[in-house]
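The values are calculated or read from the model by the stated rules, or taken from the named source; none is laboratory data. The structure displayed is predicted, hence computed values, not measured ones. Here Cβ is always computed from backbone atoms with ideal geometry, including for glycine, and neighbour counts include all displayed protein chains. The accessibility values were calculated without ligands, DNA or RNA, using every heavy atom of the protein model including side chains. Shrake-Rupley method; radii C 1.70, N 1.55, O 1.52, S 1.80 Å.
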Amino acid sequence: MLLATGKDDPLTWLRSGQALQRLLLNAAGHGVTAAFHTQPLEVPHLRTRVRQALTAGQYPQVILRLGHAPRVRALPRRALADVLG
């Protein structure tokens, strides 16, 4: 999944982060997990290529992989008193 915006300024970054939060919460409610693959967007020439090839000129903000992951066994945890004591 690719989240893109029409502008590339701080207010738009905030709003896209809010949209991402809603998307992730909704996905989690349906048992869908997300993996972030956003590192290429931090390289200017790669971000430009993604913008040209995949977003019709909009600004790419986040690249995600969404899917269902297998259930894993919970790891044992130390008691709170052992940590704070």
Going through segment 65-76 one residue at a time, which ones are modelled with pLDDT of 90 or more and either open to solvent by less than 100 Å² (accessible area, probe 1.4 Å) or of a type in the set (Asp, Glu) (or both)?
-> LEU66, GLY67
Failed item, numbered, when THR12 is tested on (1) open to solvent by 80 Å² or more (accessible area, probe 1.4 Å); (2) assigned to a helix (DSSP H, G or I); (3) in contact with a strand residue (DSSP E or B) (Cβ under 9 Å, 6 or more places away or on another chain) | (1)
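To keep it simple, each residue is scored yes or no on (1) in a helix (DSSP H, G or I); (2) surrounded by 15 or more Cβ atoms within 10 Å (Cβ to Cβ); (3) of a type in the set (Lys, Arg).
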residue: ALA28; (1), (2), (3): yes, no, no
residue: GLY31; (1), (2), (3): no, no, no
residue: ARG49; (1), (2), (3): yes, no, yes
residue: ALA53; (1), (2), (3): yes, no, no
residue: ILE63; (1), (2), (3): no, yes, no
residue: ARG78; (1), (2), (3): no, no, yes
(1) of a type outside the set (Gly, Ala, Ser); (2) open to solvent by 50 Å² or more (accessible area, probe 1.4 Å); (3) touching a strand residue (DSSP E or B) at 6+ places or on another chain (Cβ under 6 Å); (4) closer than 12 Å to ILE63 by Cβ: which one isn't true of GLU42, the others all being true?
-> (3)
